[in-house]
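See below for the structure under consideration.
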């Protein structure tokens, strides 16, 4: 019976009860806001620093810029032109776009096969792909480098500079594929069976089913993986470090910034502007496509 | 088969064959063109575990005096550093992430809090490294951390946070926790929202306190997502490389090296000594062995899920 007595106040709130609620919940608000601030401040500090004049940065902490307004865009000008960061930004894009589109295409095709086209050892192969998601990149670096050297993939060919990127495109494709196949197959398999059977009855080929039915119905899943892979490649340091070593003019931003750090150590005006240029792309992707991004991350929690 | 074959060929050629080659190379010295040169048997592994203080130095390790080891970190090499990473990175990421997930659903500004904490997740480790180098800057006028402590205590001498062997690992670990907590929070918060509201209401009506609801209802129902996240964090910490490369390059000296950093260093940088690339390959094999249980776990989990559906 005591349970009933206690249940009543939940629905009927008086002013004093609301006050008690507010007081008891104050620690929650305090804790949450404190952590959110701790999590935001370092990034905000870097962003503010990148708009401050070099002599101000050296003299005072970035928090002083909130009271003495003295902003400049000069740091971005110098970091883009003088240190080649603009060029590196373009390299990042040249590396990232094909390294996203390739695994997306190959992965979607394979996922369709695994979901809707029976073939021998299909289940065993799929389990193998799940296992491959965890394989550390480190186990493949040396043999891949050797392979790309043997195939002369790591140097420009026919006067085409972009040829140097073929190796890193392939490596990213290979390491993005297991997740692509896993994610997309799990999504494709939830598509209505009747729809696909009906199309088969009408004499549609598998390729036609894939192009006309499966792909148009799976845009959210394709977008989730596409965004995940895009950010993965854009943010990658290790593969670029290994596969584009010795070609500074091909280096993406993630490689160029540590180099900047070792040469200009304490010049935070350049470093902060460079880091902000590197961050801005993921941030735009994150804020404009947040829903797909979080979905992709949740689904990708099996990969690291 | 036709649909899957391009992907299978790429995986076979660029993931499976290289892994096989690396395992073989680990038993050789190897030359600078990465050929299987000069068979050594298990020597690379033996050297790594007994004869390389940068990788494992049991003489400096406080051993099973765990409290002493955790409080006064030993200079036990990359492997011991990685053990500290596992302990601190996993426990703090989980505690903070779970706490945030549980508390954030109770306030109206949930979305804003979550966005603030999730943003670092989108940023590359290179940018995270620069951000935190700036926070840890030894200059009390520009380094936020030193400035804050100085604000509380005027007699405080600024510390070079990432310049001290005893502190550097924890500074790196905290920066990486900062970058990963958003993921833990988002996964667990999605799981909390999946708990049927009736169960929670019923418990409240029965007079259960908030703590009991968390301990006896939420926590057991979250055990699967928590285990998924733990596995993710573990694999992540075995592979951690970028942030260390950017912030300290394994230094000062070799005091912030971890397994993945040793692999890179021994394979691509260490040309001066007699160790060939086979030595780095042995480190890669150790990494593979460490994550292998996770592979088995994932495959098992997938199989059992399919039996249910």
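Observations, loosely collected:
- Three-way shape label, the range B:1-91, alpha-carbon gyration tensor, a/c 1.5: oblate
- Per-residue average of Cβ from other chains inside 10 Å of A:31-39: 6
- Residue A:288 paired with residue B:201, simple spin-label distance in nm, labels 7 Å along Cα-to-beta-carbon: 4.2 nm
- Distance in nm between pseudo-label sites at residue A:259 and residue B:49 (7 Å out along the Cβ direction from Cα): 4.0 nm
- Efficiency of FRET between residue A:211 and residue A:23 - r from beta-carbon atoms, R0 56 angstrom, step 0.05: 0.35
- Using the Cβ-Cβ distance between residue A:197 and residue A:97 with R0 = 45 Å, the FRET efficiency computed as 1/(1 + (r/R0)^6) comes to roughly 0.80.
- Mean per-residue shielding of peptide A:140-152 is 6, counting Cβ atoms of other chains within 10 Å of each Cβ.
- Helix-only arithmetic for chain A: the sum of -39500 (n - 2.57) across DSSP H runs with n ≥ 4, divided by the residue total, places the mean residue ellipticity at 222 nm at -23500 deg cm²/dmol.
- Entry note, the range B:195-309: relative contact order of 17 percent, from Cα contacts under 8 Å with a spacing of 6+ residues.
- Arranged from fewest to most other beta-carbon atoms within 10 Å of their beta carbon, B:35, B:84 become B:35, B:84.
- Net length available on complete extension from residue B:268 to residue B:83 is 64.2 nm, with 0.36 nm assigned per residue and the Cα-Cα distance removed.
- Normalised alpha carbon radius of gyration of the range A:77-302 [divisor 2.2 N^0.38 Å]: 1.16
- Relative contact order computed over chain B (Cα-Cα under 8 Å; 6+ residues apart), in percent: 25 percent
- Separation of the range B:205-235 from the range B:128-158 is 37 Å, based on Cα centroids.
- Shape box of the protein assembly as shown [Cα atoms, principal axes, largest first, Å]: 79, 76, 54
- Fluctuation leader among B:67, B:258, B:15 - chain B, Gaussian network, Cα springs under 10 angstrom: B:15
- Rg of the Cα atoms in the range B:5-308, relative to 2.2 N^0.38 Å, amounts to 1.18.
- Shielding of B:134-145 by partner chains, average beta-carbon count, 10 Å: 4
- Cβ-based exposure ranking for B:300, A:122, in which fewest neighbours within 10 Å come first: B:300, A:122
- Each part reduced to its alpha carbon centroid, the range B:68-88 and the range A:216-232 end up 38 Å apart.
- Here the extension length gained between residue B:152 and residue B:289 equals 44.6 nm, from 0.36 nm per residue of separation less the Cα-Cα distance.
- Helix-only [θ]222 nm of chain B, DSSP H runs n ≥ 4, -39500 (n - 2.57) each, per residue, nearest 500: -19500 deg cm²/dmol
Only the coordinates and a few stated rules stand behind these numbers; no lab work does. Given the structure is predicted, the values throughout are model-derived calculations rather than measurements. With ideal geometry, Cβ positions are generated from the backbone for all residues, glycine too; neighbour counts draw on all protein chains shown.
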